[in-house]
Amino acid sequence: MKGTVLVLTLVTLVACTNSPLASTSPTVNFPSPTAGGTASPAPAPLTCGSRIPAGANLTLVTLPDRIGVSIRDISDLSNPISRCLIHGTGATYPRFKDSNHVSYIVENATGNGALYVADLLTQRTSLVRRWTDAAFMYWVYAWSPDGKTLSYLSSDSGGVAWHLLSAAGDVTLSRFGPIPGRGVDPESDDGMTGFSADGQYVAFENTFTGSDSAAAPFQIVRLSDHKLVYSRRDGTMATWTGSGASLYFRTIWGVESWDLKAGAQNVVPGLRWIHPWPSADGLRIVYTVAYGSGNHVLGYLRLTDQPVAEINMYSSNFGTAAVFLNSTLVWYAEEASCAQTQCGIGGPPLTGRTFLDDLVVQTQRPSVDIAVFDSWPHVGAA
């Protein structure tokens, strides 16, 4: 998922209890690739005020009264609890590795970066990998459903490489050519990697490496033997669904799906979805679509025997960055109307308001979350 730059108002920070110093030693399970001896940026401080119960429904969010990434327990929606806080503004692209570990990226002023994993039980932080300022698409990474394998990208002047990192070591799956210089279209350009819900396949797609790359920019690989099972030259905005091994993605023909038995087939002709996000129970995918005025509206795909795309018509707001918080509740950020304000190349400005929509009972209410980065459980981990 791509990060959104937000300007936060500095407010009083209520400190959580316990604050052991973070350890910067590499994890035992994930040996760290070297980066020419370059010093890694320091990890962000982590504090936790309470332990996370087993089976909790969690989110990674920015709250108006906290500077940093809050680990929020929303198991009881009437009484959400902030369990932990990754302090400051340095931790970017946070993801749940599992219910007790959160990964994030830190960069320093010279452009050097590092991926860390914070243990929410011990409140210690471990270095997973690091890179120099030659990196591109470093923000594209994902954890397997069991949290034991990392899919990530590395890059240098020669191009981009797709890796799998686990206790067995670091394996390069594919190499791509250099990234050509050009503008970015936020409604079509994308970089994604992710694992199927059954943990047997991993996918990678991107629109940046160029059509002249020797390796296809859209690939699905079987984890057991690293065999390429499907590839193509087009395709963007991909996501795995919440059960089995079905990948949904966008092409010029609409939204297509892939699985090993049926192969690729068009399921919603003409649909040009943007940044789809699956529910962990495998029943829905939420997304946004461009509206004629320049704004965006929410839509969702019901994954029945015959997938049905629906626009969220009961919401009168324009919105973007839609994310499932649980199997039915969607968070999104409101856009200002392009009919009432100037919408430039960067897209419609945000109003600062965020909302929660329940797709089943069809209700909407304001949200306190300024930004949402991830939710738990993930696909395949429910």
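No lab work stands behind these numbers, since they all come straight from the coordinates. On a predicted model such as this, the values are computed, not experimentally measured, just so you know. Every residue, glycine as well, gets a Cβ built from its backbone with ideal geometry; the counts of neighbours run over all protein chains shown.
Taking R0 as 35 Å, what's the FRET efficiency between ASN266 and SER157 from their Cβ-Cβ distance, rounded to 0.05?
The formula returns an efficiency of 0.35 here.
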Worksheet item: When only C-alpha pairs under 8 Å and at least 6 residues apart count, what is the relative contact order of the chain, in percent?
Response: 13
Fill in: the chain - charge dipole about Cα centre, Lys and Arg +1 at Cβ, Asp and Glu -1, debye rounded to 20
460
Discussion item. How much length would be gained if the chain were fully extended between ARG51 and ALA290, taking 0.36 nm per residue of separation minus their Cα-Cα distance, in nm to one decimal?
Written reply: 81.9 nm
Worksheet item: Quick one: net charge of PRO64's neighbours, Cβ under 14 Å, K/R +1, D/E -1?
Response: +1
Discussion item. Please list, by residue number, every one of the chymotrypsin sites (Phe, Trp or Tyr not before Pro) in the stretch 239-345 that is coil in DSSP and has at most 12 other beta-carbon atoms within 10 Å.
Written reply: TRP253, TYR314
Practice prompt. Quote the charge dipole size of the stretch 175-261 about the Cα centre in Debye, to the nearest 20; the model charges only the Cβ of Lys and Arg (+1) and of Asp and Glu (-1).
Written response: 280
Discussion item. If you average 1/r across every pair of different Cα atoms in the chain and take the reciprocal, what Kirkwood value do you get, in Å?
Written reply: 21.3
Discussion item. Run the numbers for ASP225 and ASP146: contour at 0.36 nm per residue of separation, minus the present Cα-Cα distance, in nm.
Written reply: 26.7 nm
Discussion item. Modelling each spin label as a point 7 Å along the Cα-to-Cβ direction, I'd like the ILE179/ASP305 distance in nm, to one decimal.
Written reply: 4.5
Worksheet, complete the sentence: Computed from the beta carbon distance with a Förster radius of 41 Å, FRET efficiency for ALA214 and GLN342 to the nearest 0.05 stands at 0.45
Response to the item:
Given Cβ charges of +1 for Lys and Arg and -1 for Asp and Glu, the option among PHE249, ILE285, ALA262 whose Cα lies farthest towards the positive end of the dipole of the stretch 248-316 is PHE249
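If you place +1 on the Cβ of every Lys and Arg, -1 on the Cβ of every Asp and Glu, and leave all else neutral, what size is the dipole of the stretch 125-243 about its Cα centre, to the nearest 20 Debye?
320
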Practice prompt. Can you figure out the FRET efficiency of ALA109 with ALA134, using R₀ = 22 Å and their beta-carbon distance, to the nearest 0.05?
Written response: 0.90
